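The values are calculated or read from the model by the stated rules, or taken from the named source; none is laboratory data. Being a predicted model, the structure only gives us computed values, none of them experimental. As a convention, Cβ positions derive from the backbone with ideal geometry for all residues, glycine included, and neighbour counts pool all protein chains shown.
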Amino acid sequence: MSEILLIHGACQGGWVWQQVIPGLAALGHSARALDLPGRGADTTLAAQARAVVDALRGQTILVGHSAGGFAITAAAQMRPDLVAGLIYVCAYVPKPGKSLADMRRAGPRQPLAGSFVVAADRRTFGFDPALAPALFFHDCPEAEAATARLCADSVAVMETALPDTACAESLPRGYILCTDDRAIPREYQAVMADGIALTEHLPCGHSPFLAMPERLAASIARMAGQWGVPV
């Protein structure tokens with residue numbers, strides 16, 4: 001039995017994990033989801049990392065989706081002693097000196113090009129609601145409802161690099177690749193997962209928590225079982 005903290009990606013919230021938490025509980029794990037700072041407002045990556053650390057109750061496995069890969073890595077850098085492992089779900093795995101925006105632009109394809117809606121003050125951004133369903137929820141039964149729940153997020157978080165990732169990289173890590181992802185190319189996920197000991201593949205798009213929550217829970221539980229810490 002492990003303590004698991006689930007972290008959402010950009011422009012989303014803890015609500016995305018609602019269907020995964022019962023599945024993890026049924027498999028013997030204690031799972032919670034967090035709303036990161038910045039939902040609808042300007043914030044910093046450091047503030048997001050601090051929010052993750054402040055939510056920890058002893059040693060915890062951190063699971064980050066998409067942009068949440070940066071938040072969980074930053075939190076692990078801040079308090080590696082409280083992190084039992086890191087699981088990236090079709091997520092960005094930070095490289096020292098590279099922001100998420102840098103990494104996205106370095107990808108082999110740019111499926112998100114033209115989908116961003118940036119505020120006039122350039123402090124927050126969102127996704128074009130006309131494009132979001134096809135990008136993020138094409139295989140989800142609740143695509144319209146999920147699109148309606150998307151919010152603005154902080155530009156600064158996307159543009160901030162981590163100077164060092166050594167502590168995070170020293171921890172147990174896993175990566176869950178989504179092979180029909182239309183937001184982060186599957187081949188780029190494979191590049192980011194290179195060097196991570198545990199990997200699994202799910203045949204779905206960018207939102208496995210809605211498309212196949214039970215299978216996602218099972219994948220997380222299998223990884224957690226490798227290095228989980230009793231609650």
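The single condition among (1) touching a residue at least 12 places away in the same chain (Cβ under 8 Å); (2) closer than 20 Å to SER154 by Cα; (3) surrounded by fewer than 20 Cβ atoms within 10 Å (Cβ to Cβ); (4) of a type outside the set (S, T, N, Q) that ARG105 does not meet is (1).
Among the residues of the stretch 113-127 satisfying the criterion of being touching a Leu at 6+ places or on another chain (Cβ under 7 Å) and touching a residue at least 40 places away in the same chain (Cβ under 8 Å), which is farthest from ALA46 (Cα to Cα)? Working first, answer last.
Taking the stretch 113-127 as the starting set, the residues that turn out to be touching a Leu at 6+ places or on another chain (Cβ under 7 Å) are 115, 126-127.
Still in the running and touching a residue at least 40 places away in the same chain (Cβ under 8 Å): 126-127.
Details: GLY126: 21, PHE127: 23 Å.
Across the stretch 113-127, the extreme among qualifying residues is PHE127.
For ARG104, are the conditions met, namely being of a type in the set (D, E, K, R) and closer than 17 Å to GLN48 by Cα? Spelling it out, it is not the case that ARG104 is of a type in the set (D, E, K, R) and closer than 17 Å to GLN48 by Cα. Any residue at all in the stretch 123-135 that's crowded, with 18+ Cβ neighbours inside 10 Å, within 14 Å of ALA10 (Cβ to Cβ), modelled with pLDDT of 95 or more and among the aliphatic types (A, V, I, L, M)? So far as the stretch 123-135 goes, yes, one or more of its residues are crowded, with 18+ Cβ neighbours inside 10 Å, within 14 Å of ALA10 (Cβ to Cβ), modelled with pLDDT of 95 or more and among the aliphatic types (A, V, I, L, M). Quickly run through the stretch 151-180 and pick out the residues that are among the polar types (S, T, N, Q) and either over 29 Å from ASP81 (Cβ atoms) or crowded, with 17+ Cβ neighbours inside 10 Å (or both). Within the stretch 151-180, SER154, THR160, THR165, THR179 qualify.
Only one entry of ALA190, ALA217 meets the criterion of being outside any loop (DSSP other than H, G, I, E, B) and either more than 21 Å from HIS8 (Cβ to Cβ) or modelled with pLDDT under 95 (or both), and that entry is ALA190. For the stretch 136-156, the criterion of a residue being in a helix (DSSP H, G or I), at pLDDT 95 or above and more than 21 Å from TRP15 (Cβ to Cβ) is satisfied by at least one position.
Residue pairs whose Cβ atoms lie under 6 Å apart, sitting 6 or more positions apart in sequence or on different chains, and linking a residue in the stretch 170-194 that is without any contact (Cβ under 8 Å) to a residue 40 or more places away in the chain to a partner that is assigned to a loop (DSSP other than H, G, I, E, B) and surrounded by fewer than 22 Cβ atoms within 10 Å (Cβ to Cβ), are THR179/PRO203; ARG186/THR179. Residues that are within 16 Å of ALA46 (Cβ to Cβ) and among the small types (Gly, Ala, Ser) within the stretch 70-96 comprise ALA71, ALA74, ALA75, ALA76, listed in sequence order. Screening the candidates LEU171, LEU210, LEU177 for the property of being assigned to a strand (DSSP E or B) and either of a type in the set (A, V, I, L, M, F, W, C) or touching a His at 6+ places or on another chain (Cβ under 6 Å) (or both) yields one hit, LEU177.
Those strands (runs of 3 or more DSSP E) of the stretch 1-95 in which 2 or more residues are crowded, with 23+ Cβ neighbours inside 10 Å and within 16 Å of the chain's Cα centre (by Cα) occupy 3-7, 60-65, 83-89.
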